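The structure appears right after this line, and notes come after that.
The values are calculated or read from the model by the stated rules, or taken from the named source; none is laboratory data. Computed from a predicted model, the values in this text were never measured in an experiment. Note that each Cβ is placed from the backbone with ideal geometry, even for glycine, and that neighbours are counted across all protein chains shown.
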Amino acid sequence: MTETAHFVDGDKELDFTKVRATDGQFGYDVNGLLSTTGNIMLDPGFVNTASCESKITYIDGGQGILRYRGYPIEQLAEHASFLETAYLVLNGELPTAAELETFENGIRRKTLIDERMRDLFRCFPRRSHPMPVLSAGIMALSTFAHTPTSADLDTLDDAAVSLLAKVPTLAAYGYKNSMGQPTLYPDNSLSYIENFIRMSFGFPTEPYEFNDAITRGLEVLLILHADHEQNCSTSTVRMVASSGANLYSAISAGVNALSGPKHGGANQAVVEMLQFIRDSGMTTKEFVEKVKNRESGIKLMGFGHRVYRNYDPRAAIIKKHADKILELHTGRQDLLEIAKELEETALSDDYFKERKLYPNVDFYSGLIYEAMGFPINMFTVLFAIGRLPGWIAQYREQVSTSDKIWRPRQIFTGADERDWVPIDQRG
Ligand code: SDX
């Protein structure tokens, strides 16, 4: 039996259908509000509004729960590979051994990019931030590839495999270009993660020696970033998908949305914040006081979340890995100690407790990336590599469940109608 909620405004009234959820909040379907009342809802930042129904990821912000297709993130981080997780996010089920082997081999065969694309990287200044290079690289890839749209969903699987295979190559090439170092062709005898690490840090002049803790640590970080329901960059991907634009255009737009410091760019901003505290000689207490003084405009980067009103489950997992990996790089212990002290100071302060501000996925991740040898400006690129399966899955869900273009309305509060004023009568 369909449940409804009754809405009354003066002489206008209608029933909103309640859209049931497997877990978490249900939705009031406000379809008919405009046609019945002549008015619309206003919800800046979409704090109270769902854009879609989805079957991919579930987050319970109060309980600190994150599940991909029903599987708890803690179990996937413990047991899964990144490609196993990508398969799950994309297809809805964990792969059998045969399905995983086919998926891995398909990706292994597509890690190369067109030779002409290698010139693309030489066009960018070496000081370029790798996020615009990645976004441009994905659009350049689209000029060499068949780019599926909602009209040909059957080719989406091939495009997904191609993007999963080539984006790490793009990222590594962009990084090598910024260092003025030669790029390495992928070595398909390696695992997905090893291939990316070697293309990023290897040299054609010598074999690359892997460190298993680093390789598994990066794989867990990518697993933790694989999807996160309707965050800013994923909503951007779905918005672009709704226009009928192809997959590559939507993913490139997602990369650009992710680059903002309030979103994926926060992992870079956290390490810069920790370095500032260290180099200024400021105590964590003094820094927290600056954050609480709103005039400063300083945020505690890596803290707070629109959905999590509890500890981000990903941050807890990353923190455990940080201890392990940073032991390998004692030089980074200083920033980790500042981060732990900063967390303790903030979590004992009413300003953060009252606003339910806890460490999010970005608070410790940058420390691990830096300990792995990545420069600060590569951190958000690593976030994008992890998020890619989620973006693709959300693109597919958007185009296969709705053909309605996303076109939000507005509340107009500007000037009322007025007549033209000749320029000699202005001012
Ligand atoms: C990601 O959405 C996702 O799922 C994103 C993500 C994913 O996997 O895709 O989880 C990845 O983007 C994580 C978030 C990374 N960003 C940061 O760490 C940047 C710092 N955090 C803030 O910018 C902020 O917390 C946001 C953007 C993350 C969330 O902002 P909201 O939900 O819009 O909350 P808000 O800005 O309305 O803040 C509510 C209050 C305000 O104070 P009051 O006006 O009530 O006095 O909390 C304060 C804010 O000033 N506040 C902070 C703060 N975050 C919020 N104060 C100090 N430091 C902070 N970090």
- Message: Any residue that is touching a residue at least 24 places away in the same chain (Cβ under 8 Å) and within 13 Å of the ligand (Cβ to nearest atom) - is there at least one of those in region 244-254?
- Response: yes
- Task: Could you run through region 347-367 and say how many residues are buried (at least 23 other Cβ atoms within 10 Å of the Cβ), more than 8 Å from the ligand (Cβ to nearest atom) and in a helix (DSSP H, G or I)?
- Result: 4
- Does GLU327 satisfy the criteria of being acidic (Asp, Glu), closer than 27 Å to ILE73 by Cα, surrounded by fewer than 14 Cβ atoms within 10 Å (Cβ to Cβ) and without any contact (Cβ under 8 Å) to a residue 60 or more places away in the chain? yes
- Query: Mind checking whether some residue in region 177-192 is assigned to a helix (DSSP H, G or I) and among the small types (Gly, Ala, Ser)?
  - Reply: yes
- Task: Scan region 190-214 for residues that are within 24 Å of LEU88 (Cα to Cα) and either at pLDDT 95 or above or in the same structural domain as LEU326 (by TED's automatic domain parsing) (or both) and report the count.
- Result: 8
- Query: Here are some residues: THR85, THR102. Which one is more than 21 Å from the chain's Cα centre (by Cα), at negative phi and not in a strand (DSSP E or B)?
  - Reply: THR102
- Please enumerate the residues belonging to region 135-149 that are touching a Leu at 6+ places or on another chain (Cβ under 9 Å) and either in a helix (DSSP H, G or I) or of a type in the set (Asp, Glu) (or both). ALA136, GLY137, ILE138, ALA140, LEU141, SER142
- Task: Among the candidates LEU300, LEU218, LEU222, single out the residue that is assigned to a helix (DSSP H, G or I), over 14 Å from the mean Cα position of the chain (by Cα) and either in the same structural domain as GLN394 (by TED's automatic domain parsing) or crowded, with 21+ Cβ neighbours inside 10 Å (or both).
- Result: LEU218
- Message: Which count do you get for residues in region 1-36 that are of a type in the set (A, V, I, L, M) and not in a loop (DSSP other than H, G, I, E, B)?
- Response: 6
- Task: Determine which member of the set VAL220, VAL240, VAL167, VAL161 is aliphatic (A, V, I, L, M) and within 16 Å of the ligand (Cβ to nearest atom).
- Result: VAL220
